[in-house]
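Student: Take this structure, written in structure tokens, and hold onto it; I'll ask about it next.
Where a number appears in this text, it was derived from the coordinates with a stated rule and is not lab data. Predicted model, so just to flag it, every value in this text is computed and none were measured. Here the Cβ positions follow ideal geometry from the backbone for every residue, glycine too, while neighbour counts run over all protein chains shown.
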Amino acid sequence: MKRCRTLSIAALSLSVLVLAHSPRTFAQSPDAAPAMRMVPARAALNGAIIASKVKAGDEFRATLADKVQLPNGPKLPAGTILIGQVSTDDMNQSGTSKLALRFTSAKLKDGQTVPIKATIVGILDTGLANEDTYRLTPSDQVPATWNDGTLVIDQVDAMSGVDLHSKIASQNSGVFVSTKDNIKLVKGGELELAIAQQQHPTQQTTGVNGNQ
């Protein structure tokens, strides 16, 4: 489990861009407001996602590892299903293979659906989740390290040969980019997230998958 912590924000000081502001300047930043509504979370992918086999609009799911209290929103219990869509790269990253993901909602056990905004702040692509439930074991992991001063993430080699790029201000949750290989996220892979209730859900657009 040692590798798990190498993906935390604290350990990625050379590859994660943290925008540090004084409280006064930070409050005036256009990206700061959504960040201040977000809290850290961890989830495990319910299935593999392979860039060459998916297209924009395809659905994917992940299972929340620990309970999360959304600021100004409901509590998401452990086991809540997070639903997302394959999207297109809105940051115009360079790469031969690209995989853009966007979480859109959380489905509670009682059937209630909560619109969410989530930013991927780290990944452990080793299939740690239980094979039956796709859930991570809370006691085995330290919750994702994230704070509302972290607005942009550029993580080189988030996986072997694959970089992760994400922005709090982006509609996407994150974009994975490789200049060499087809990108594959494994079933049970751990995503570290910053998450909030989406206050003003917008119509999602679909198009051509960003595998270029």
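Student: Assuming 0.36 nm per residue, please report the length gained on full extension of the stretch residue 126 to residue 113 beyond their Cα-Cα distance.
Tutor: Extra length available between residue 126 and residue 113 comes to 1.8 nm.
Student: When the chain is fully extended, how far beyond the present Cα-Cα distance does residue 55 get from residue 36, taking 0.36 nm per residue of separation?
Tutor: 3.7 nm
Student: Turning to a different aspect of this structure: Roughly how many nanometres apart are two label points built 7 Å out from the Cα toward the Cβ at residue 72 and residue 96?
Tutor: Distance between label points: 4.5 nm.
Student: Same structure, new question: Once you've got the Cα coordinates, tell me which of 167/187; 98/180; 107/167; 109/167; 55/109 are over 22 Å apart.
Tutor: 167/187; 107/167; 109/167; 55/109
Student: Within a Cβ distance under 10 Å of residue 82, other residues only, what is the Lys/Arg minus Asp/Glu net charge?
Tutor: +2
Student: Between residue 157 and residue 180, what length in nm is gained on full extension when 0.36 nm per residue of separation is reduced by their alpha carbon distance?
Tutor: 7.1 nm
Student: So, one more: Give the share of C-alpha pairs in each 5 angstrom bin for the range 40-111, from 0 to the last occupied bin, in whole percents, shortest bins first.
Tutor: Histogram of Cα-Cα distances, whole percents per bin: 3, 15, 24, 21, 15, 13, 7, 3, 0.
Student: Amide H neighbours of residue 104 under 5 Å, counting only residues 5+ apart in sequence or on other chains, H built in-plane at 1.01 Å?
Tutor: 83, 84, 85
Student: Would you mind checking which residues have amide H under 5 Å from residue 76's amide H? H placed 1.01 Å from N; only 5 or more apart, or other chain.
Tutor: 68, 69, 70
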